[in-house]
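**Student:** Mind looking over this structure? Questions follow.
Every number here is computed from the coordinates shown, using simple stated rules; none is lab data. Not measured: the values here are computed from a predicted model. No Cβ is skipped: glycine too gets one built from the backbone with ideal geometry, and neighbour counts run over all protein chains shown.
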Amino acid sequence: MGAEDEKSRAGQSGPNPCPLPKLFLALIPVLRFSLAMRWNIEHTTRFAYSTPVRDSFNEVRLQPFSNERQMVESFQLEIRPATRVRQYHDFYANSVHHFEITEPHSELIVDARLQVTTRPKPALPADARPAPLAALKDAPRIGRCHDFLFESKFVDTTPETWRLAMDAIQDENDVWQCALRLMKFVHGHIAYESNSTQVHTHMRDVLAQRRGVCQDFAHVFLGLCRTLRIPALYVSGYLATETASATHAWTEVFVPEAGWQALDPTHDRPADETYIKIGVGRDYSDVAPVKGTYKGTTQRTMNVVVKIESQDDGQAPRPEATGGA
């Protein structure tokens, strides 16, 4: 028995807590339209087996959310060998495609093609102080916050993690400012190094070796936030740069009076319209792009290719991709 599990990289947005001039508010629809960015994305995963395998059962999470800041114009999923695909939404509202291939096969290809338009949203200012940490006492009873306050498969909230978080925030007591300090700490504490971790690497191992990829940056940040009782969730998606070669991972934190705010600890910055959200969860295990089981050899290879192209003329400069998780 083997597992098919592709390594990858949430949440609903809350209201903007900072009052804005009426003229600026009136211009927001115009600004969003004019600054919309359109992307074509092709994501291909190919599994090759040394001998034929059978009874392959798989879930694919590659169709992004459509919401106020991104709209999926089209999405096509092709499976080879051809088979029937069923779609449903999981507990976190992620779009899931399920398929089965019972006959023997030596290769499995999952090919997703999509067009998506992203729009900027007013960001919470870096100097904003919307709510003290004490305001988080009611967080477990707010919407979906409860699930994102505790340990999960790749994230812990041990006393050692709490101590690290306390050292990072020092004397800060505002939720947003604490989140920014934790993001900066993770960005500086861990070195980005491709292929330095496995798909199932736990955050404690990342902290021990102080290197990893974007998935690991996200897991460490989640642990630090949760140990301070800041609800924090994992986001799998794309950082829409033409140099990107894989999916990306970032996070969202819940800030009282401001809602969910997207932060990317790998790049030490808030997420903007170059980020395309596919799915959300407690950690990577909830949103792996391709995962499943099959019967047969464990000798296999996996190759992932992601191509992202802008459809805009005179596009704004976009950050260089650090790489995939």
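**Student:** Starting from the Cα-Cα distance between Gln198 and Glu68, subtract it from 0.36 nm times their residue separation and give me the gain in nm to one decimal.
**Tutor:** Net length gain for the segment: 43.4 nm.
**Student:** Place a point 7 Å from the Cα of Arg141 along the Cα-to-Cβ direction; which residues of the stretch 215-233 have their backbone N under 19 Å from it?
**Tutor:** 229-231
**Student:** Just need the relative contact order of the stretch 128-237 here, percent rounded to a whole number, with Cα pairs under 8 Å and 6+ apart.
**Tutor:** Result for the stretch 128-237 is 36 percent.
**Student:** Suppose we keep just the alpha-carbon trace of the stretch 90-191; what are its Rg and Dmax in angstrom?
**Tutor:** Calculated on Cα positions, Rg and Dmax stand at 20.2, 61 Å.
**Student:** Another question, then. Just to confirm my numbers, what's the Cα centroid distance between the stretch 209-235 and the stretch 43-118 in Å?
**Tutor:** Between the Cα centre of the stretch 209-235 and that of the stretch 43-118, the gap is 27 Å.
**Student:** When the Cα atoms of the stretch 75-128 are enclosed in a convex hull and the volume is divided per residue, what value in Å³ results?
**Tutor:** Hull volume normalised by residue count: 146 Å³.
**Student:** Continuing with the same structure: With the alpha-carbon atoms as the only input, what is the per residue convex hull volume for the stretch 133-286 in Å³?
**Tutor:** Cα convex hull per residue, to the nearest whole number: 102 Å³.
**Student:** Let me ask something additional. Holding the Cα-Cα limit at 26 Å, pick out from Lys153/Lys277; Lys184/Lys277; Lys121/Lys153; Lys121/Lys184 the pairs that are longer than that.
**Tutor:** Lys121/Lys153
**Student:** Quote to one decimal, in nm, the extra length available between His189 and Arg163 on full extension: 0.36 nm per residue of separation minus the C-alpha distance between them.
**Tutor:** Computed gain between His189 and Arg163 is 7.9 nm.
**Student:** Calculate, for His98 and Asp312, the FRET efficiency according to 1/(1 + (r/R0)^6) with r their C-beta to C-beta distance and R0 30 Å; round to the nearest 0.05.
**Tutor:** Plugging the Cβ-Cβ distance into 1/(1 + (r/R0)^6) gives 0.30.
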